[in-house]
Structures are given as structure tokens and as C-alpha cells.
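Down below is the structure, laid out as C-alpha cells.
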Amino acid sequence: MNTMWRLVLPVVLLFSAYSSADENTFALPQISFDRVAHDEAGIRVDGALDEAVWANLPSFNNFRVVQPDTLDETEYETHVRFFYTEEGLYVGVVCDQPVDTLVARLSSRDQFISRDGVSITLDPGGSGLYAYWFGVNLGGTLSDGTVLPERQFRNQWDGPWNGASKELETGYSVEFFLPWSMMTMPEVADAGAEKRTMGFYISRSVAHRNERWTWPALPSTRNVFLSSLQAFDIDNIEPKRQFTFYPYASSAYNVIEEEDRYKTGFDIFWRPSSNLQLTATINPDFGNVESDDVDVNLTSFETFFPEKRPFFLEGQEIFNTTPRSRSRGRGTPTVIVNTRRIGSPPIEPDIPGFELPDLEENQPTELHGAAKVTGQNGAIRYGLLAAIEDDTKLAGSVNDVPLDVIAEGRDFAAARFLYEVSDGNSRRGIGWISTLVDHPTREAQVHGIDLHYLSGDGKWNTDGQLLYSDIDGITGAGGFVDINYAPARGKQHSLALDYFDDELEINDFGFLRRNDAISARYRYQVTESDIDWLQSRETSYFLSQEYNTDGLVVRSGIFFQQEYEFHNNTELETELSYFPSRWDDLNSEGNGSYKIDPRWQGGAYFSSDRAKPLQFGVGYFFQEEDIGGMHHEWVQETNWRPSDKFSLSLVLAYHDRSDWLIHYSGPDFTTFESEQWRPRLEVDYFFTARQQLRMTAQWIGIKSFERDRFRVPPGDGTLEPVAPAPGDTARDFSISRMVLQARYRWEIAPLSDLFVVYTRGSDLPSDVSLGFDDLLRDSWTDRAVDVFVVKLRYRMGS
């Protein structure tokens, strides 16, 4: 066993030995929902529960405090009422609370900030296998998404539902209307059954206390969630067939080229039954409505960007085969279907000496169209996806002679089947997925089998996947398993094991950080909510060890993290990590492996009360460089929300690096003394909850000056110093990249929007003679992108 594991594992096991048998679970009440004829309900969804139907319904108040994880009774009462019609489910909630403590804030849809609000999770199948969540925040901002077992919340889904909130003299109220037709609802097992079982969960956020109250009481410190929702029965309704037509029209004006571009197309959503949906898009327009974060990546590891296009987000959950498909913290996902590959920059023609400017090289590929089918038949859920790219004209050069070429588009296809069964609180599942990316120069196939298990007591939760790839006849294989064990509330053990051979390739359609890897990762996490001087404390111990298939250690670390939440709603996050010596086998781009010195890393971040109108955070982090030297990072965050309609957020990060190691070419490396500024500004103003003016600006400025040169020795080893050749110029460089976007959005109706968007961006050539103020100014004036877009998308249909 590696020395690191031999020293640390006994300590971790000692900390985890104690476990309480008291889970503090509460029996769920038996409840029933009233059915009302839709035409007789007379509901106007405005947040005020003033219609007669609400007064005659029973009220439920079964909430407990789950954040912090005390499971105490709540300070204020929450009264919930339900009824349903043949069209959908109505939920009304009255939240008692002193008016002077209410926190109402408007934001973009699905944005998570500190404020009061209520959310509902609804499992339409009642089986604990998938669900939808819906949130109404005080002020009127809506949030929604999907949930996969056991607690995989995602906000990458928008549904045509309605919700509103209203302030009262005793607090506030919220109102939901959730149409059955927008949800996948499996056929009941008995076609003649009179009842259909569903599950629900209600969560209330209390911002001034930094608390969350829920019914049922299912804190995140336990493995169970979907399998333990409150069950209820309704009549075996048959939702009406849904057909939705989304035409769009867009106009884009390129200020630099003084060129107009007009485009029209449409999306179709058809749900012929409650458990089947077909979607298609013709001549889609996926550009310039929301920009990605500015990124500077000088390593051999690809940056992951999340999907933002509504067509690919709809029904995407079926293609997320394991919890690893989520990108969490500083990690990257492992996913077979990464729809950002569709419409990504085209494959360049294999022409000797052919060169492209950065803008041409990174331009997206247009699509002819795409189609998707998702559905369920008994215990089997399935999804089919296909997309066809258009050819792309590339304006490049060969030996400085201009040359325009046509890059042919790719065809994408994916098929997914999942068999899952639940028995009480336990769950078992097996799935299969296959993808194909077809191009005249390359054919990539990937196949995967995934397995899932949740024990009846919720303590054991396991997910795994086997992978196989075939790229033009070259095959590769691999797999991973994630095991989570929660012996008691507040205590969590996680073990992840990976094996990916050096021929496994899934990144034509998917995303994998690296192949050629054999790794093990163990985490022990403790959450304490019974400390007198703290609201809660979360402690994590984490060990990681990774080898390549040649047996070299390529990743290794011991991590310790603690997060303190104080009673005054301030937070302190601390971390300390040690990285033993390892090998880097990728950054030389095939020119050998070299050894990295042992390193320490640590830091702390303090955040004030996020419920206050003015909130700030400050942090400092340090990390020893790969072969000596230090990397210091200072972070300052300011959030100002003087009213519910206006907010300003400024994050300013400064990096000071003494020996930044960067690959130059071949086996050659260089260290740099570097300064970096990374500010980000966000300003939002809401005319109403449905009309928003938003401005975001990001800039990255880097100035780096050469210190020393190194080379990977023949046969691998420690990097060897190399003297510059006589007359060789310094390798100093600068980077200055900016993206600014101003966007007006008017949500005319559910899922119907008018966008007016202005995007401006730059990527300056290197010039270390300029100061940071000059780089910032030139990033504004020397534009590489300057585009004005107007886009209207309107939902028509049932």
C-alpha cells in the first residue's frame, strides 16, 4: 500500500468508527388530494389564495429543519393545501413569518441565491426513479428542473407551468399550477386501476435564518431522497395529448463586418401519450443568447462547458447515465453524451500547412436539424437522439496564401435504454447506451453498460459503468464504480474506483478528463449540527491516488476541508492539501514524462450573511508550483442588492505566480513569473419578474516573464535545466481576453421569449510591454466580436 494511504487511512477510519443508531426519522401522514373539475376551480395563479376552492381544503404543516440538520420543529408555521383537476396539480402554500424578516429578490430563472421561497419535488410515477422540481421564490422568479436517484438535482429543464408569490401581513403565500401534460407519466401497472400513486416533497427556504425546512424531513446528510418521498393517490387521470410548435426568428448584425444575418426555424414537441415525447428542431439557431465564461487553459486537459441550449436540455436526463455526469466543484464530469459536441467547431481538413485564425478555428458549426425521442414502457425508460451538422466554410491560409475550404459536418446519434425497479425504499437498475459520430475522416462508436443499486435501509448506494469504444477499428475499454455508505445521519463514506485503458476514447461525443488511468478515491464526510457556537460544521477527509497503465503515479493527494456556518449566517471555508511527488505524462504532448515535486496547498474564504443587502467575501489561497516557487491567489467578492429588482455582483481575483511551468514545444518547458487579474461583473435589473435587463463582463489579463527553461530528459525523469540558445528571444507573453454581454429578456408567456442581445469580445495578441490598464482598455477597443441580435421564440399549442 502507498505510504500516504498507510498513514492516513487508520486516522480516517478512527474518526468514522462512531455512528449513531438514531436516524430521527418521522412517520409520514396518510394524505389524500381532492379532485375538482377544472372549469369549476376558477384559479388565477397570482400567489393569492383567495379563491373559494382553497378555503375548503385541509391544511398540512409537517415541516422540519433539515439545514442545518437538526430535524427540529420549525419556528414559523407553513400551511400547505393541494387539489388537482384533469389538467394538473394545484398547490397553495401560506408561509407565516415576520414581514420585516422577508427576503424577496428577483433573478434569472433557475439562479440560486439567498432568498425566501418554496419548491416542490413531484414524482409522477411514484416509483422513486425520476422526478421534477419546481420553485417559486418570493418576488416571482421561477425555478425548475429534474431529479434522478437518489438526489441528482439538475436545473437544465424548463417546463410550461405557472407559479406566483404574494406578500401578506403575516408572511407570504405562493401558488403553483403544474400541468400533467408536461411530465412523463408512466402507464399504471393495472390498466383498469382507479388510482395512480405519486410522490412529493416540499422545501421552504428561510433566508434570514439561513435555514431550509422540508416535508418529508430528508436532509442531504442521508443517502435517501427520491425513494422516501411522501406518497399520495389521485384518480387514474389520462392527460391530454400535447402538441407544441415553437417557431423562432432571429436577426443578427455583425458590427465589425457590417453584415446582417437573418434566420428562421422551429422546434416541435409532441407528446402522443403520457409516457412518450417526440421533439425535433429544423434549422436551429443556437448562437449569441448566452455566452460561456472566459477561459484560459494552457494545459493538456480540456475545459468542460455546460449545455445551455433549450432543445438539448429538454429530456436530457435519460442520457445522464450515472451521477458522474454532473460537474461538481472543481471536478469535471464523465459523460457519454455531452451535447455541447453537437455544433462544436468543425474537424479541420487534413491539408499540409493549413492555418486558421483563432476566430475561424473556434467558430461553431450550424445544424440542419436534430430529433429526439424519450419515453417509458413499464420499468424501461429510453431515449433516442440524432443531429445532423451543416458544412462549414473556413477561411485560412497555406504559407500566407489565403485558402477557403469546406469542412464537412458530422452526424451524431445516441440510443439509451434503462431498466429500473424499486421495492419499498430499495432500487436496482441496469442501463445500456450507444453513441455514434460519423464524419468522412473519422467514425467513433462508444457503448456503455451502467448498473445501479440502493439498499432498502438507504445506507448503501452504488453506481457503476463499463465502457467500450471503437474509433476507426481501434478499440478501448474501461469502467468505474462509485460506492457510498452512510452508516448514520451526518456521516458519509465514498469510494470511487476507475480503470480506463490507453485506447479508450469517448470524447467525440462524450467527456472524459483522461484515459490511460487507474485510480482510487476515498472521502469521509462528517456534518455536525449540534454545536453550541455553530449552526453547522462540515468536515471532509479525501484521499486520491491515480496511476497510468505504465504504473506511474500521475495524480496523488491528501485533502482536508472544513466549512463553518455561524449563527449570524456568516461562513468560513478552510482547506489544506498535500500532494506527494508524481509524474506528469500528458502536458509534454507525447514528448516524455517528467516528475513533479511534492507540494502543499491551502487557503480560507470568509463570507458574510448572504441575506443582507450588502454582502462580501474575501479569500486567500496558496499552492506550491510544480517544480518550486509559489502561487498566491487573492479573491474578493461583493454583492449589492438594495432592492428586489436590482443587483450588482463583482468578483475580483488576483494571482501572483513565481514559477508557472508551461509546455513550450516538443520536450521543452518554461517557467514564468506571472501576474493575473480576473474580474467578473454582473448587473441585473428587473422591470417585472418576467422582464430582465442583464449585463455581464469578464476579463482575464495575464503578463508572464520567462525565468528558466527545462527539457524532459531522454527516457523520462526530472526536468533538466536548459540554457537559451545564443540570440534566442525571451518567451515572455501576455493574454488579454474579454467578453461583455448586455441582454434584455421578456418572458411573454411560459417558454416564450423575446431576446435583445449585444455581445462584444476580444482576444489581443501578446504584448508584454503594455500595462494591465492598457490591456484592459485595448480589450474594449480592439474587438474580435461585436454582434447585435434580436430573437423571438414563441410557444404555440396545447
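The values are calculated or read from the model by the stated rules, or taken from the named source; none is laboratory data. Because the structure is a prediction, the values reported are computed rather than measured. Heads up, the Cβs are rebuilt from the backbone with ideal geometry, glycines too, and the neighbour counts pull from every protein chain shown. Side chains are part of the model used for accessible areas, which takes the heavy atoms of the whole protein and leaves out ligands, DNA and RNA. Shrake-Rupley method; radii C 1.70, N 1.55, O 1.52, S 1.80 Å.
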Q. Got a sec? Which residues in the stretch 757-798 would a label at residue 652 touch, if it sits 7 Å along Cα→Cβ and we count backbone N under 14 Å?
A. 773
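Cβ neighbours within 10 Å, averaged per peptide: list 263-270, 206-213, 345-352 in order, most packed at the top. Don't skip to the end; give the middle numbers.
Numbers: 263-270: 17.2, 206-213: 21.2, 345-352: 14.0.
Packing proxy ranking, top to bottom: 206-213, 263-270, 345-352.
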Q | Principal-axis tilt of helix 3-16 within the chain, Cα atoms, nearest 10 degrees | A | 20
**Q.** Sites residue 263 and residue 236 - FRET efficiency at Förster radius 56 Å, r taken between beta-carbons, to 0.05
**A.** 0.80
Q | Ordering of 124-133, 234-243, 764-773, 692-701 by packing [mean C-beta count within 10 Å, highest first] | A | 124-133, 692-701, 234-243, 764-773
Q) the chain: Rg/Rh from Cα coordinates, Kirkwood Rh? A) 0.95
**Q.** Separation in nanometres of the label points that stand 7 Å from Cα toward Cβ, at residue 44 and residue 475
**A.** 6.7
Q: Mind jotting down the three principal axis lengths of the stretch 594-671 based on Cα atoms? Whole angstrom, largest first.
A: 56, 25, 16
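Using per-residue counts of other Cβ atoms within 10 Å, averaged over each peptide, order 483-493, 309-319 from highest down. Walk me through the intermediate numbers first.
Details: 483-493: 18.6, 309-319: 22.0.
So the order, starting with the most tightly packed, is 309-319, 483-493.
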Q | In degrees, nearest ten, helix 772-781 long axis to first principal axis of the chain (Cα) | A | 70
Q. With a ≥ b ≥ c the root eigenvalues of the C-alpha gyration tensor of the stretch 274-324, is it rounded (a/c under 1.5), prolate (a/b larger than b/c) or oblate?
A. oblate
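About the Cα centre of the stretch 443-540, what is the dipole size in debye to 20, counting +1 per Lys and Arg Cβ and -1 per Asp and Glu Cβ, all else neutral?
Numbers: 8 positive and 18 negative charges, 145 e Å.
Computed charge dipole of the stretch 443-540: roughly 700 debye.
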Q. So what's the gap between the Cα centers of the stretch 214-283 and the stretch 464-509, to the nearest angstrom?
A. 29
**Q.** Over the stretch 136-187: Kirkwood hydrodynamic radius from C-alpha pairwise inverse distances, Å
**A.** 12.9
Q | Straight-distance crosslink candidates among lysines, where the alpha carbon sits under 28 Å from residue 393 and sequence neighbours closer than 8 are dropped | A | 263, 308, 372, 791
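If you take the beta carbon distance between residue 634 and residue 501 as r and set R0 to 51 Å, what does 1/(1 + (r/R0)^6) give as a FRET efficiency, to the nearest 0.05? Before the final figure, lay out the partial values.
Values: r = 42 Å, r/R0 = 0.82.
Computed FRET efficiency for residue 634 and residue 501: 0.75.
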Q. What nm distance separates the two modelled labels at residue 169 and residue 620, each placed 7 Å from Cα along Cα→Cβ?
A. 5.3
Q. Straight-line reach from residue 491: which lysines have Cα under 20 Å away, leaving out those fewer than 8 places along the same chain?
A. 459
(Q) Just to compare against my own numbers: the Cα pair-distance distribution for the stretch 91-157, 5 Å bins, whole % per bin, please. (A) 4, 15, 25, 20, 17, 11, 6, 2, 0
Q | Per residue, in Å², the accessible surface of the chain once ligands and nucleic acids are set aside, probe 1.4 Å | A | 44
(Q) Suppose each label sits 7 Å from its Cα in the direction of the beta carbon; what would the residue 86-residue 675 distance come out to in nanometres? (A) 7.2
Q.
Given contacts defined as C-alpha pairs under 8 Å and at least six residues apart, what's the relative contact order of the stretch 331-456, whole-number percent?
A. 20
**Q.** Positive dipole terminus of the stretch 600-758, leading residue within 741, 632, 755 (C-beta point charges)
**A.** 755
Q.
Under the 0.36 nm per residue contour assumption, what length would be gained going from the current alpha-carbon distance of residue 767 and residue 462 to full extension?
A. 104.6 nm
Q | Student exercise, the stretch 224-263 dipole from Lys, Arg, Asp, Glu Cβ charges, in Debye to nearest 20 | A | 180
Q | Candidate lysines for bridging to residue 612, where Cα separation is under 25 Å - those fewer than 8 sequence places away on the same chain excluded | A | 166, 645
Q | Taking only Cα atoms of the stretch 237-291, radius of gyration then Dmax in Å | A | 16.5, 57
Q. What FRET efficiency do you get for residue 355 and residue 430 if R0 is 56 Å and r is their Cβ-Cβ distance, rounded to the nearest 0.05?
A. 0.70
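Once neighbouring chains are kept in place and the probe is 1.4 Å, which whole percent of the accessible area of the chain is contributed by carbon and sulfur?
Details: 18610 of 35070 Å².
Of all accessible area on the chain, carbon and sulfur atoms account for 53 percent.
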Q | Unit charges at the beta carbon, dipole of the chain: most positive-side option, 787, 601, 135 | A | 135
Q. Can you tell which of 468, 379, 304 lies farthest toward the positive end of the dipole of the chain, using +1 and -1 charges on the Cβ of basic and acidic side chains (Lys, Arg; Asp, Glu)?
A. 379
Q.
Using the crude model of +1 on Lys and Arg Cβ and -1 on Asp and Glu Cβ, and no other charge, please compute the dipole size for the chain relative to its Cα centre, in debye to 20.
A. 1780
Q.
Using only the Cα atoms of the stretch 540-622, what semi-axes does the equivalent ellipsoid have when each is the square root of 5 times a gyration tensor eigenvalue? Give whole Å, largest first.
A. 37, 13, 10
Q.
Taking 0.36 nm per residue of sequence separation and subtracting the Cα-Cα distance, how much length would be gained by fully extending the chain between residue 419 and residue 55, in nm to one decimal?
A. 126.7 nm
